[in-house]
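Enquirer: The structure's right below; bear with me while I get my questions together.
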């Protein structure tokens with residue numbers, strides 16, 4: 001029996017705010033578009049000033065190829081940041097039309113401060129041939145995703161890093177086990193190409209957190225001669241928002257690059273937390289192990305740091321517990337956001 005697909009929503013500037021209630025609006029967004037040096041300079045000046053005035057925190061990466069960011073704050077402030085981007089950037093034939101935005105809510109701020117930075121790429125693959133402004137794979141709406149990945153002739157690939165995959169993924173998907181997205185091209189040539197030559201799948205379907213990594217990954221695969229490349233529109237977060245849990249092929253939680261750590265199917269903060277020493281996600285069971293010392297070490301990093309490092313971490317943790325430091329000071333520095 002074929003179930004009725006959930007109603008389709010549009011991933012755009014007017015994306016529906018998620019089911020989660022909370023005091024702060026969280027907006028994750030990206031767009032691949034050509035930005036001139038004067039546009040970049042203007043945004044690097046205007047965005048921090050606006051964020052400071054409106055109490056918005058988060059991270060925005062700017063490059064000649066576009067913009068990638070996640071911000072949180074009061075509704076008015078987040079909306080004004082997005083309006084600032086609208087006023088500065090011309091995307092194709094209209095302002096803001098190609099900016100992919102996913103909104104959710106949280107009861108607390110999910111970043112420590114606001115940063116706007118200029119980068120070579122808004123998501124780092126290190127392959128100039130991968131340019132979603134010129135070519136990209138076929139977008140798959142969330143309500144068509146199940147049918148695609150259920151087909152045995154579809155090779156499903158999780159383009160995220162190994163620690164993200166460990167938190168949750170689509171059932172049956174292939175894990176490249178990369179440490180960073182820049183490792184994806186080597187995995188393609190060393191592992192994916194031989195696999196495709198051996199099993200000859202009818203198509204490749206890829207997914208990531210919010211869609212941006214798949215834009216680059218699909219462009220890269222097409223440039224490398226892989227046919228029939230598809231990717232999940234709006235990423236995992238859009239899928240979780242649109243597809244009812246009882247129909248979902250998702251298993252686990254979805255890692256996010258902010259202080260929520262991971263989200264469940266209702267887009268609420270899940271059960272994972274971060275090790276404040278190494279920054280890797282921890283399950284409730286891992287937090288019960290003898291090797292886990294809050295703020296100092298976990299099973300994944302107990303052999304990674306020196307005794308001096310651990311002593312410094314322990315002092316920081318003690319200061320946090322005594323209230324001498326803001327709680328956000330205990331968070332390890334996050335890598336550049338992905339999606």
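Enquirer: So which of 176, 152 ends up being free of Cβ contacts under 8 Å to residues at least 40 places away in the same chain and farther than 24 Å from residue 122 by Cα?
Expert: 152
Enquirer: Quick one: which helices (runs of 4 or more DSSP H) lie wholly within region 179-242 and hold at least 3 residues that are closer than 19 Å to residue 30 by Cβ and in contact with a strand residue (DSSP E or B) (Cβ under 8 Å, 6 or more places away or on another chain)?
Expert: Fully inside region 179-242 and qualifying: 212-223, 235-242.
Conditions (1) within 20 Å of residue 155 (Cβ to Cβ); (2) touching a helix residue (DSSP H, G or I) at 6+ places or on another chain (Cβ under 7 Å), marked per residue:
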| site | (1), (2) |
| --- | --- |
| 208 | yes, yes |
| 227 | yes, no |
| 232 | yes, yes |
| 246 | no, no |
| 251 | yes, no |
| 257 | no, no |
| 262 | no, yes |
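Enquirer: Residue 172 is checked against (1) in a strand (DSSP E or B); (2) on the phi > 0 side of the Ramachandran plot and fails just one. What number does that condition carry?
Expert: (1)
Enquirer: Moving to a separate point now. Which residue, of 63, 94, is out of contact with any helix residue (DSSP H, G or I) (no Cβ under 7 Å at 6 or more places or on another chain), at pLDDT 90 or above and surrounded by fewer than 21 Cβ atoms within 10 Å (Cβ to Cβ)? Reasoning before the result, please.
Expert: Values: 94 fails: at pLDDT 90 or above.
Of 63, 94, the one residue that is out of contact with any helix residue (DSSP H, G or I) (no Cβ under 7 Å at 6 or more places or on another chain), at pLDDT 90 or above and surrounded by fewer than 21 Cβ atoms within 10 Å (Cβ to Cβ) is 63.
Enquirer: Determine which member of the set 324, 276, 338 is assigned to a loop (DSSP other than H, G, I, E, B), crowded, with 16+ Cβ neighbours inside 10 Å and modelled with pLDDT under 85. Before the answer, list the steps.
Expert: Details: 324 fails: crowded, with 16+ Cβ neighbours inside 10 Å; 276 fails: modelled with pLDDT under 85.
None of the others qualify; the one that does is 338.
Enquirer: Would you point out which residue out of 101, 78 is at pLDDT below 90, buried (at least 18 other Cβ atoms within 10 Å of the Cβ), over 15 Å from residue 34 (Cβ atoms) and touching a strand residue (DSSP E or B) at 6+ places or on another chain (Cβ under 6 Å)?
Expert: 101
Enquirer: Same structure again: Given the criterion farther than 23 Å from residue 100 by Cβ, in a loop (DSSP other than H, G, I, E, B) and modelled with pLDDT of 95 or more, identify the matching residue among 246, 251, 271.
Expert: Details: 246 fails: in a loop (DSSP other than H, G, I, E, B); 251 fails: in a loop (DSSP other than H, G, I, E, B).
On inspection, the qualifying residue turns out to be 271.
Enquirer: Only residues in region 186-201 that are assigned by TED's automatic domain parsing to the domain that holds residue 150 count as the first member; pair them with residues that are crowded, with 16+ Cβ neighbours inside 10 Å and part of a helix (DSSP H, G or I), Cβ under 9 angstrom, at least 6 apart or cross-chain, and list the lot.
Expert: Final answer for the pair search is 188/217; 188/220; 188/221; 192/221.
Enquirer: Test residue 109 against the criterion of being in contact with a helix residue (DSSP H, G or I) (Cβ under 6 Å, 6 or more places away or on another chain) and not assigned by TED's automatic domain parsing to the domain that holds residue 232, and give yes or no.
Expert: No, not satisfied.
Enquirer: Could you list, in sequence order, the residues of region 31-60 that are assigned to a strand (DSSP E or B), touching a helix residue (DSSP H, G or I) at 6+ places or on another chain (Cβ under 9 Å) and modelled with pLDDT of 95 or more?
Expert: Across region 31-60, the qualifying residues are 57, 58, 60.
The values are calculated or read from the model by the stated rules, or taken from the named source; none is laboratory data. Remember, it's a predicted structure, so these values are computed and weren't measured experimentally. For neighbour counting, all protein chains shown are included, and Cβ atoms are generated from backbone atoms with ideal geometry for every residue, glycine included.
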